[in-house]
Amino acid sequence: MKSEKASLVIVSIMLLFVILFGLNRFNFDAREKVIEIKEYQGERLDSVYDFRENSILGPQEINVTDYRLRVSGLVETPLEYTYEEVLEDFSSKRKVIRLSCVEGWSAKVLWEGVSIKDLVEAAEPSEDAKIIIFHAEDGYTTSLHLDYIKERDIMLAYKINEVTLPKENGFPFQLVAESKWGYKWCRWVVELEFSDDTDYEGFWESRGYSNDADLDKSFWGK
């Protein structure tokens, strides 16, 4: 009897460990496997499966046929693009960049996408526009300063390790906010809104996270 109770306790502890520390990763690995590159120009890459699921409403299902990327706000020319138009109308770029999450994990992969600078030029923002607010399909928002976007040539990615973004990684587009904490890396992007509100606070920023989100500084606090 004591042996059975001890075994039950051990099993319960193991189950609790899985729930607390491994469930997200196990669910992620249950996806259909993709064929990704593991190295780029001599640099070792992490896997698409090294990203943990921590979105506010879970991975979003987006119908690419109905999808539109909207460019709105303080612009001369509000625009709307299909997924294919973004890929065909704008030149692509690729770069190995590490995403660092405030949860303590990180992943270094090859991103491929379009330069947001090109979208900015096409929309012709007014002189009053200082930031871009990124809107996601699930209602998530965050913002970045226009100067930062232009200086760092920030991209909207549609591929990761030469694989089309899986839905868990933000299909159709993920913001690659280089040198910023992971909560700035908006997934399932559906709208770029130009604004003059430099104090705008997105989902996590309105809950106490830093609006700057620089990796060399704490993510907590204004």
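Values in this text are rule-based calculations from the coordinates and carry no lab data. Since we're looking at a predicted model, the values are computed, not measured. Here the Cβ positions follow ideal geometry from the backbone for every residue, glycine too, while neighbour counts run over all protein chains shown.
For the range 57-125, what Kirkwood radius comes out of the mean inverse Cα-Cα distance, in Å? Can you show the working numbers first?
On the way: mean 1/r = 0.0691 Å⁻¹.
When all Cα pairs of the range 57-125 are included, the Kirkwood radius is 14.5 Å.
Tell me the label-point distance for the pair HIS145, THR82, using the 7 Å Cα-to-Cβ offset, in nm and rounded to one decimal.
Placing both labels 7 Å beyond Cα along the Cβ direction yields 3.9 nm.
Listing TYR209, TYR40 from the residue with the fewest other Cβ atoms within 10 Å to the one with the most, what is the order?
On the way: TYR209 22, TYR40 16.
Placing the least packed residue first, the sequence is TYR40, TYR209.
Using only Cα atoms and rounding to the nearest 10 degrees, what angle (0 to 90) does helix 2-17 make with the longest principal axis of the chain?
Tilt relative to the chain: about 10 degrees.
Taking the beta-carbon count within 10 Å as an exposure proxy, list HIS135, HIS145 from fewest neighbours to most. Walk me through the numbers on the way to the answer.
Values: HIS135 20, HIS145 14.
The fewest-first ordering by Cβ neighbours comes to HIS145, HIS135.
Among THR65, THR82, which comes first, then next, by fewest other beta-carbon atoms within 10 Å?
THR65, THR82
Would you mind working out the magnitude of the charge dipole of the chain relative to its Cα centre, with +1 at each Lys and Arg C-beta and -1 at each Asp and Glu C-beta, to the nearest 20 Debye?
Numbers: 27 positive and 42 negative charges, 298 e Å.
I would put it at about 1420 debye.
Once you have all Cα-Cα distances for the chain, histogram them in 10 Å bins from zero and send the whole-percent values.
Cα pair-distance distribution for the chain, in percent: 8, 31, 34, 16, 6, 3, 1, 0.
Explain nothing, just the number: relative contact order of the chain, from Cα pairs under 8 Å at least 6 residues apart, as a whole percent. Each step should come with its number before you reach the end.
Working: 400 pairs, mean separation 46.3, N = 222.
Worked out over the chain, it gives 21 percent.
Most fluctuating residue of GLU178, GLU121, GLU112 in a GNM of the chain with Cα springs under 10 Å: which is it?
Taking springs between Cα atoms under 10 Å, the residue moving most is GLU121.
With springs only between Cα atoms under 10 Å, which of LYS130, LYS150, LYS33 fluctuates most in a Gaussian network model of the chain?
It is LYS33.
Between ARG44, ARG68, ARG187, find the one with the highest GNM mean-square fluctuation for the chain; connect C-alpha pairs within less than 10 Å.
ARG44
As a test of the formula, what do you get for the chain when each DSSP H run with n ≥ 4 contributes -39,500 (n - 2.57) and the sum is divided by the residue count, at 222 nm and rounded to the nearest 500 deg cm²/dmol?
Working: 5 runs with 45 residues, N = 222.
After summing the helix terms and dividing by residue count, I get -5500 deg cm²/dmol.
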